[in-house]
Amino acid sequence: MSWLIEVFLFVLMVVSALVALRSRDLLAAAVTLSLFSFMAAVIMASLGAIDVAFTEAVVGAGAVGVFNIVAITLTTRESRD
């Protein structure tokens, strides 16, 4: 049964990565990449690597996600459409 949950989380990771790659909105891409990192942390925790999962959740999903979102909100876009 646990392998079914891991496969579901892996599929969710792949979908969030593809959404981030196909997204034209930078903020949506940053949020989905944070979701990707959080799903990686959940998979690592389910496999028994709790310390690695905690580090991934704090650094990958937390700090990097916040830094990306802050950097995107502080930039301005000049469009020549």
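The values are calculated or read from the model by the stated rules, or taken from the named source; none is laboratory data. Given the structure is predicted, the values throughout are model-derived calculations rather than measurements. Note that each Cβ is placed from the backbone with ideal geometry, even for glycine, and that neighbours are counted across all protein chains shown.
Observations, loosely collected:
- Residue match in the range 39-49 (condition: more than 16 Å from the chain's Cα centre (by Cα), in contact (Cβ under 8 Å) with a residue 12 or more places away in the chain and surrounded by fewer than 17 Cβ atoms within 10 Å (Cβ to Cβ)): yes
- Residue match in the range 46-59 (condition: under 19 Å from residue 3 (Cα atoms), modelled with pLDDT under 90 and in a helix (DSSP H, G or I)): yes
- The condition of being aromatic (Phe, Trp, Tyr), surrounded by 14 or more Cβ atoms within 10 Å (Cβ to Cβ) and farther than 24 Å from residue 77 by Cα does not hold for residue 54.
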